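The block underneath contains the structure these notes are about, expressed in structure tokens.
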Amino acid sequence: MIIENFPFITCMILIIFGIYTLLFKKNLIKLVIGITIIESGVNLFLVTLGYRENSVAPIFTFASSEKMVLPTPQALTLTSIVIGFATTALMLSFVIFIYHHYKTIEIDEMRRLEKR
Amino acid sequence: MNLLEHSPALIVAIPLLTGFLTPLVSKINKKLRNFIILISLLLTLILVWNFAFSYIFPREEPFVYVFGANSPGITLPSGYKIPVRIIFEIDSIGAFMSLITSIIAFLSFIYSLEFMKKYRGLEKYYTLFLLLTAGIFGMEFTGDLFNFFVFLEITSIAACALIGFHVNKSSCVNAGFKTMVMYTVAALFFLLAVGLLYGQYDALNIGILATKINGSLLDKLALGLFITALALKIGSVPMHFWVPEAYGESPSPVSMILVTNTQASLYALFRICFTLYGIVMNTALIGWIIIILGILSMFFGATLALIQRSIKRLIAYIAISQIGYMLLGVGVGLTTLENPQLLQNYGITAMRGGIFHIFNDAICIGVLFLISGAIIYRTKIYDMNNLGGLARNMKYTAIFFIISSMAISGLPPFNGFVSKLLIYESVYKLNPLLSIIAILISIVTLANFVIVFHGVFLGPKLKKFDNINDAPKEIILPIILMIILIVISGMFPDLFLRNLVEPAVKSLINKEIYISAIGI
């Protein structure tokens, strides 16, 4: 029972790590890393959903007569990875601009500079 | 096959393709680029209107559009039927939202022509602008949860890049980063919830899922994630802190279309609560959660606005509190969904108020952002403490400001009065306290606008504003058009209520029609 659910537990642990990073880290790059960890957790969760016992990947060339899985979760994961790439790139480019303005990426330092 | 029957695909495709054509055309000629964007947005507007009034509102059942096939069903060799294609399912509320989006996007573009003229990098601005428009249409049309996630991320990326458009200002970049973090976390929560549902029922289509869902613990967890994610996207109060920065730092036409983006997420929240979970869950409980979110948003939005000094941030806080009214109205409708007698008694009225307020909020908050943009365009000052006496120089702007602020505060004879009155009188029957809070918050909203009007338009003549007059006609024109809409919908609310709002409310309540339209 616990072995079967092990992949799901791993995904949830990853997501919780990501949320922890978002809440308690004060470095912008670390925030981006936190979001990427949540994203990996969610993607892993989607891939895990696609697993069915005793069935093969849906490749029709030379296919055996065994059961095939429906490739929807894999398609979802691919789309999600591409979107994640775009969001990460945008966030990192924002971090570069913030660094140009403040010469720091620590949130506390930025606040101090803004008050002055 | 009639080309107009492909409208749902065209409405999303035209802004999307024009968006990616823009950088190419921009290399040839700037005027040609503006002309092409104008034509594409006008075409979208006409298509949306034609589609809504000839295909959606006259019919009872929703319009199902399947990409690459005539019908949604496909049979696997095992006989298992499942909608694997991309499906758009548009009913009256989706059409109602897309009408608002098309008007706002078109007027926002006309405003951008003059307002953004002096900046570089406009080809990227317009690309992102059109992407945002296409994404919002997609969110309103799609009948599939994963598709909704994709469009949600399209709008997130485009919106955040637009918020941080002025990269030379540190506050803009900050706002863009903050909003992007919030939007991404919301979208990932949404995707996790979609995964939870897919793992149990092997379906992504909203209609199919609604027939299969059985209210297990995982479903409740998914509902919690959906509500959290979408409440974050609409900026409801515990998760509101990105809103003032996003609306306040972005260029004014962008703030206007961001309001519409927010409302598309609001539509998704209603769709999930009514259609997806309406049959199996205790809707009274969900309704109360939404009412509490609404009351919190109303209260904190309007009171925090009182201490703002930047005019755009003040309007942003008012926008948060107006979202609360829609949540309140539709939430009250949701609590009565299981009891037909109460639904007839006051539930439908509350929902009519809430849905009509979506239209009023888009128009009024939008025009307030445009007016603040016109002031900033002329004076280059954001801080209200440094403004004053502008009514002498910008007469028309002052008049427009009075009309729009009266409309959003719910004073007769404008449209905000109609929707808010519908909300007050029906919410009173559920719980008088809610109604009293709503009326009080309206007064606080009016007080906010009295402060702005006094600070910006009244007072002695200031020497630094001697050479200032009303903004040029490209900026005034969209404002005038929206003011005309405010006045018409205030004078003849029945026209709007009967033809637009009534079908939209019906389509939310009669969820079985939406669910059975897929027909598998």
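The values are calculated or read from the model by the stated rules, or taken from the named source; none is laboratory data. Just so you know, these numbers come straight off a predicted model, no measurement behind them. Cβ placement follows ideal geometry from the backbone for every residue including glycine, while neighbour counts extend to all protein chains displayed.
Does B:ASN214 meet the test of being at pLDDT below 90, touching a Pro at 6+ places or on another chain (Cβ under 9 Å) and over 26 Å from B:ALA362 (Cα atoms)? Don't jump to the end; show me each part of the working.
Numbers: at pLDDT below 90: yes; touching a Pro at 6+ places or on another chain (Cβ under 9 Å): no; over 26 Å from B:ALA362 (Cα atoms): yes.
No, not satisfied.
Somewhere in the stretch B:182-202, is a residue of a type in the set (Gly, Ala, Ser), within 14 Å of chain A (Cβ to nearest Cβ) and under 30 Å from B:ALA305 (Cβ atoms)? First the steps, then the outcome.
Taking the stretch B:182-202 as the starting set, the residues that turn out to be of a type in the set (Gly, Ala, Ser) are B:186-187, B:193, B:195, B:199.
With within 14 Å of chain A (Cβ to nearest Cβ) added as a condition, the list becomes B:186-187, B:193, B:195, B:199.
Subsequent filtering for residues that are under 30 Å from B:ALA305 (Cβ atoms) retains B:186-187.
Within the stretch B:182-202, one or more residues are of a type in the set (Gly, Ala, Ser), within 14 Å of chain A (Cβ to nearest Cβ) and under 30 Å from B:ALA305 (Cβ atoms).
Does the stretch B:350-363 contain any residue that is assigned to a helix (DSSP H, G or I), among the charged types (D, E, K, R) and out of contact with any Pro (no Cβ under 9 Å at 6 or more places or on another chain)?
Residues of the stretch B:350-363 that are assigned to a helix (DSSP H, G or I), as a first pass: B:350-363.
Narrowing the set further to residues that are among the charged types (D, E, K, R) leaves B:352, B:361.
Narrowing the set further to residues that are out of contact with any Pro (no Cβ under 9 Å at 6 or more places or on another chain) leaves B:352, B:361.
Yes: one or more hits.
With a cut-off of at least 1 residues that are under 24 Å from the mean Cα position of the chain (by Cα) and aromatic (Phe, Trp, Tyr), name the helices (runs of 4 or more DSSP H) lying wholly within the stretch B:406-515. Steps first, answer last, please.
Numbers: elements: B:415-430, B:432-456, B:473-491, B:493-496, B:502-509.
Qualifying helices (runs of 4 or more DSSP H): B:415-430, B:432-456, B:493-496.
Filtering the stretch A:33-44 down to residues that are at the interface with chain B (Cβ under 8 Å from one of its Cβ atoms) and of a type in the set (Val, Ile, Thr), which residue is farthest from B:PHE177 (Cα to Cα)?
The selected residue is A:VAL42.
Please state which of the following conditions B:PRO62 fails to meet, knowing it meets all the rest: (1) surrounded by fewer than 24 Cβ atoms within 10 Å (Cβ to Cβ); (2) more than 19 Å from the chain's Cα centre (by Cα); (3) of a type outside the set (A, V, I, L, M, F, W, C).
Result: B:PRO62 passes all but (1).
Of the residues B:THR184, B:THR211, which single one is closer than 21 Å to A:PHE85 by Cβ and of a type in the set (Val, Ile, Thr)? First the steps, then the outcome.
On the way: B:THR211 fails: closer than 21 Å to A:PHE85 by Cβ.
After ruling out the rest, the residue left standing is B:THR184.
Which residue out of A:SER65, A:SER93, A:SER80 is within 18 Å of B:LEU192 (Cβ to Cβ) and either modelled with pLDDT of 85 or more or more than 10 Å from chain B (Cβ to nearest Cβ) (or both)? Before the answer, list the steps.
Numbers: A:SER65 fails: within 18 Å of B:LEU192 (Cβ to Cβ); A:SER93 fails: within 18 Å of B:LEU192 (Cβ to Cβ).
The match here is A:SER80.
Please enumerate the residues belonging to the stretch B:164-207 that are β-branched (Val, Ile, Thr) and either within 18 Å of B:LEU276 (Cβ to Cβ) or under 24 Å from the mean Cα position of the chain (by Cα) (or both). Outline the logic, then answer.
If we filter the stretch B:164-207 for residues that are β-branched (Val, Ile, Thr), which is where we start, we get B:167, B:173, B:179, B:181, B:184-185, B:194, B:206.
Hits for the stretch B:164-207 are B:VAL173, B:THR179, B:VAL181, B:THR184, B:VAL185, B:VAL194, B:ILE206.
Can you name the residue in the stretch B:133-157 that is of a type in the set (A, V, I, L, M) and touching a Leu at 6+ places or on another chain (Cβ under 7 Å) and is also farthest from B:TYR267 (Cα to Cα) among such residues? Can you show your working first?
Pass one, the stretch B:133-157, residues of a type in the set (A, V, I, L, M): B:134, B:136, B:139, B:145, B:150, B:152, B:154, B:157.
Now restrict to residues that are touching a Leu at 6+ places or on another chain (Cβ under 7 Å): B:134, B:139, B:145, B:154, B:157.
Values: B:ALA134: 16, B:MET139: 9, B:LEU145: 13, B:ILE154: 17, B:ILE157: 20 Å.
Per the criteria, the residue is B:ILE157.
Kindly check whether there is at least one residue in the stretch B:196-218 that is under 18 Å from B:PHE300 (Cβ atoms) and aliphatic (A, V, I, L, M).
Quick first cut of the stretch B:196-218, residues under 18 Å from B:PHE300 (Cβ atoms) only: none.
Within the stretch B:196-218 (the criterion being under 18 Å from B:PHE300 (Cβ atoms) and aliphatic (A, V, I, L, M)), the answer is no, since none of the residues qualifies.
Among the residues of the stretch B:142-177, which ones are surrounded by fewer than 23 Cβ atoms within 10 Å (Cβ to Cβ) and of a type in the set (Ser, Thr, Tyr)?
Within the stretch B:142-177, B:SER170, B:SER171 meet the criteria.
Can you tell me which condition B:SER171 does not meet? The list is (1) touching a residue at least 24 places away in the same chain (Cβ under 8 Å); (2) away from chain A (no Cβ under 11 Å); (3) among the polar types (S, T, N, Q); (4) over 23 Å from A:ILE37 (Cβ atoms), and all the others hold.
(2)
Please state which one of A:THR21, A:THR87, A:THR10 is within 11 Å of chain B (Cβ to nearest Cβ), under 26 Å from B:GLU153 (Cβ atoms) and not basic (Lys, Arg).
Numbers: A:THR21 fails: within 11 Å of chain B (Cβ to nearest Cβ); A:THR10 fails: within 11 Å of chain B (Cβ to nearest Cβ).
Of the residues listed, the single one that is within 11 Å of chain B (Cβ to nearest Cβ), under 26 Å from B:GLU153 (Cβ atoms) and not basic (Lys, Arg) is A:THR87.
In the list B:LEU3, B:LEU10, which residue meets the criterion of being in contact with a Leu (Cβ under 7 Å, 6 or more places away or on another chain) and without any contact (Cβ under 8 Å) to a residue 40 or more places away in the chain? Spell out the reasoning first.
Values: B:LEU3 fails: in contact with a Leu (Cβ under 7 Å, 6 or more places away or on another chain).
Answer to the selection: B:LEU10.
Can B:GLU123 be described as away from every other protein chain (no Cβ under 14 Å), touching a Ser or Thr at 6+ places or on another chain (Cβ under 8 Å), surrounded by 19 or more Cβ atoms within 10 Å (Cβ to Cβ) and of a type in the set (Asp, Glu)? Before you say what the answer is, go through the steps one by one.
On the way: away from every other protein chain (no Cβ under 14 Å): yes; touching a Ser or Thr at 6+ places or on another chain (Cβ under 8 Å): yes; surrounded by 19 or more Cβ atoms within 10 Å (Cβ to Cβ): no; of a type in the set (Asp, Glu): yes.
Here the answer is no, as B:GLU123 does not meet what is asked.
Failed condition for B:MET139, given (1) facing chain A (nearest Cβ under 10 Å); (2) assigned to a helix (DSSP H, G or I); (3) buried (at least 21 other Cβ atoms within 10 Å of the Cβ), with all others met?
Among (1) facing chain A (nearest Cβ under 10 Å); (2) assigned to a helix (DSSP H, G or I); (3) buried (at least 21 other Cβ atoms within 10 Å of the Cβ), the lone unmet condition for B:MET139 is (1).
Name the residue that is surrounded by the fewest Cβ atoms within 10 Å (Cβ to Cβ), counting only residues in the stretch B:200-223 that are touching a residue at least 40 places away in the same chain (Cβ under 8 Å), among the polar types (S, T, N, Q) and more than 21 Å from B:ILE136 (Cα to Cα).
Taking the candidates together, the pick is B:ASN214.
Out of the stretch B:394-408, which residues are more than 18 Å from B:ARG313 (Cα to Cα) and in contact with an Asp or Glu (Cβ under 8 Å, 6 or more places away or on another chain)?
First, pick out the residues of the stretch B:394-408 that are more than 18 Å from B:ARG313 (Cα to Cα): B:394-400, B:402-403, B:406-407.
The answer is B:MET394, B:LYS395, B:TYR396, B:THR397.
Would you check if B:LEU328 is over 26 Å from B:LEU132 (Cα atoms), part of a helix (DSSP H, G or I) and under 21 Å from the mean Cα position of the chain (by Cα)? First the steps, then the outcome.
Values: over 26 Å from B:LEU132 (Cα atoms): yes; part of a helix (DSSP H, G or I): yes; under 21 Å from the mean Cα position of the chain (by Cα): yes.
Answer is yes for this residue.
Any residue in the stretch B:205-223 that is out of contact with any strand residue (DSSP E or B) (no Cβ under 6 Å at 6 or more places or on another chain), within 30 Å of A:ALA89 (Cα to Cα), assigned to a helix (DSSP H, G or I) and within 14 Å of chain A (Cβ to nearest Cβ)?
yes
Report yes if some residue within the stretch B:243-252 is in a helix (DSSP H, G or I), within 15 Å of the chain's Cα centre (by Cα) and closer than 13 Å to B:SER321 by Cα; otherwise report no.
So the first thing to find is which residues in the stretch B:243-252 are in a helix (DSSP H, G or I), and the list is B:243-249, B:252.
Right, trim to within 15 Å of the chain's Cα centre (by Cα) and you get B:243, B:246-247.
Retained after the next criterion (residues that are closer than 13 Å to B:SER321 by Cα): B:243.
Yes, the stretch B:243-252 contains at least one residue that is in a helix (DSSP H, G or I), within 15 Å of the chain's Cα centre (by Cα) and closer than 13 Å to B:SER321 by Cα.
Select from the stretch B:423-433 the residues that are surrounded by fewer than 24 Cβ atoms within 10 Å (Cβ to Cβ) and of a type outside the set (S, T, N, Q) and list them in ascending order.
Initially, the stretch B:423-433 is screened for residues surrounded by fewer than 24 Cβ atoms within 10 Å (Cβ to Cβ), giving B:424-425, B:428-433.
Listed by number, the residues that qualify are B:TYR424, B:GLU425, B:TYR428, B:LYS429, B:LEU430, B:PRO432, B:LEU433.
From the list B:THR184, B:THR155, pick out the single residue that is over 23 Å from A:PHE45 (Cα atoms), among the hydroxyl-bearing types (Ser, Thr, Tyr) and assigned to a helix (DSSP H, G or I).
Values: B:THR184 fails: over 23 Å from A:PHE45 (Cα atoms).
Residue meeting the stated conditions: B:THR155.
Suppose we keep only residues that are surrounded by fewer than 22 Cβ atoms within 10 Å (Cβ to Cβ) and of a type in the set (Val, Ile, Thr) within the stretch B:224-235. Which one would you say is farthest from the other protein chains (Cβ to nearest Cβ)? Reasoning before the result, please.
Residues of the stretch B:224-235 that are surrounded by fewer than 22 Cβ atoms within 10 Å (Cβ to Cβ), as a first pass: B:224-225, B:227-228, B:232.
When the remaining residues are screened for being of a type in the set (Val, Ile, Thr), the result is B:227-228.
On the way: B:ILE227: 17, B:THR228: 12 Å.
Residue satisfying both the conditions and the ranking: B:ILE227.
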